[in-house]
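The values are calculated or read from the model by the stated rules, or taken from the named source; none is laboratory data. Just so it is clear, the model here is predicted, and its values are computed rather than measured. All Cβ positions, even for glycine, are placed from backbone atoms using ideal geometry, and neighbour counts span all protein chains on display.
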Amino acid sequence: MGQKVNPIGFRTGIMLPHKSRWYAAKKEFGPLLLEDFKIRKFIKNHPSKSQYRQAGIDKIEIERTRDEVKVVLHVARPGLIIGKKGQEVEILQEELQNLTGRRVNLKIEELARPEIMAQLVAEDISQQLAKRSSFRRTMKRAIESVMDGGAKGIKIQLAGRLGGAEMARCEKATAGSLPLSTLRAKIDYGFAEASTAQGNIGVQVWVNQGMFEGDASDGPDAQASEAPKKPKRTYKR
């Protein structure tokens, strides 16, 4: 199978929950889906507050009820979004309410290990490439920092006019193990674009964060339940 499969989409509904959790009728489904896209785009690319990009937003989860829209931000540095005494959160909540025309309940959760989150690694690499740093050195540093952070494996792929070359090409770098077809493996995926003078460079990152919780305890039980091997037959002379 030569086609590439998004690791998050491959595991969604089996090992991972959906990022948007709500139900709607057929007529309302399209507008609500577009509303989710607008919310995520507004937060990630805020028109006036650049500190949101430095806060390290990994993912945005949206839940809908009849009365309100619950938005959960998973952030590496929550202090940049919360602000002094939580003033920034209230302002952002009001802006989202004006954008959607619904009541918004905003929650912020801090990431336990942001250094192994694939989306944050991809955005960090893209920012360094935009500052004209060497792509090979950037990839090497990113791999070392992720592996030091406790990841089991990582793969980075850059595509575009790397180093200002006339012809676009693709460069890869890997470390550790990365079982993409194993559903029990916790593979995180991130994508970002670096805007350079020569054009955009696509950054793809896969990070193996280990196995999903509950899988480690299944091993001894599965081995214990195996049928015992038959003893070798002894032949009498």
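Observations on the structure shown:
- Scan of region 67-100 for residues that are of a type in the set (D, E, K, R) and over 20 Å from Leu32 (Cα atoms), ordered by number: Arg77, Lys84, Lys85, Glu88, Glu90
- Residue within region 81-103 that is touching a residue at least 12 places away in the same chain (Cβ under 8 Å) and at positive phi present: no
- Test: Gly56 is touching a residue at least 12 places away in the same chain (Cβ under 8 Å), surrounded by 14 or more Cβ atoms within 10 Å (Cβ to Cβ) and on the phi > 0 side of the Ramachandran plot: yes
- Of everything listed in (1) surrounded by 13 or more Cβ atoms within 10 Å (Cβ to Cβ); (2) part of a strand (DSSP E or B), the single unmet condition for Ser195 is (1).
- Condition met for Thr100 (assigned by TED's automatic domain parsing to the domain that holds Ile39 and of a type in the set (Ser, Thr, Tyr)): yes
- Residues that are without any contact (Cβ under 8 Å) to a residue 12 or more places away in the chain, in the same structural domain as Glu213 (by TED's automatic domain parsing) and over 20 Å from the mean Cα position of the chain (by Cα) do not occur anywhere in region 141-164.
- Across region 111-155, the number of residues qualifying as under 22 Å from Pro7 (Cβ atoms), crowded, with 20+ Cβ neighbours inside 10 Å and of a type outside the set (D, E, K, R) comes to 16.
- Filter result for the condition that a residue is under 20 Å from Ile57 (Cα atoms), in a strand (DSSP E or B) and in contact with a strand residue (DSSP E or B) (Cβ under 9 Å, 6 or more places away or on another chain), over Lys107, Lys155: Lys107
- Some residue of region 11-24 being assigned to a helix (DSSP H, G or I) and either free of Cβ contacts under 8 Å to residues at least 60 places away in the same chain or more than 16 Å from the chain's Cα centre (by Cα) (or both): no
- Listed conditions (1) touching a Leu at 6+ places or on another chain (Cβ under 9 Å); (2) surrounded by fewer than 19 Cβ atoms within 10 Å (Cβ to Cβ); (3) in contact (Cβ under 8 Å) with a residue 24 or more places away in the chain; (4) in a helix (DSSP H, G or I) are all met by Lys70, apart from (4).
- When we screen Pro31, Pro7, Pro17 for residues that are closer than 24 Å to Met211 by Cα and loosely packed, with under 13 Cβ neighbours inside 10 Å, the only hit is Pro17.
- Scanning region 119-138 finds one or more residues that are outside any helix (DSSP H, G or I) and in contact (Cβ under 8 Å) with a residue 40 or more places away in the chain.
- Of all residues in region 25-58 being outside any helix (DSSP H, G or I), farther than 23 Å from Gln157 by Cβ and not hydrophobic (A, V, I, L, M, F, W, C), the one that is farthest from the chain's Cα centre (by Cα): Ser48
- Residue in region 90-109 that is surrounded by 13 or more Cβ atoms within 10 Å (Cβ to Cβ), under 20 Å from Gln204 (Cβ atoms) and in contact with a Lys or Arg (Cβ under 8 Å, 6 or more places away or on another chain) present: no
- Selection of region 34-53 for residues being surrounded by 12 or more Cβ atoms within 10 Å (Cβ to Cβ) and hydroxyl-bearing (Ser, Thr, Tyr) yields only Tyr52.
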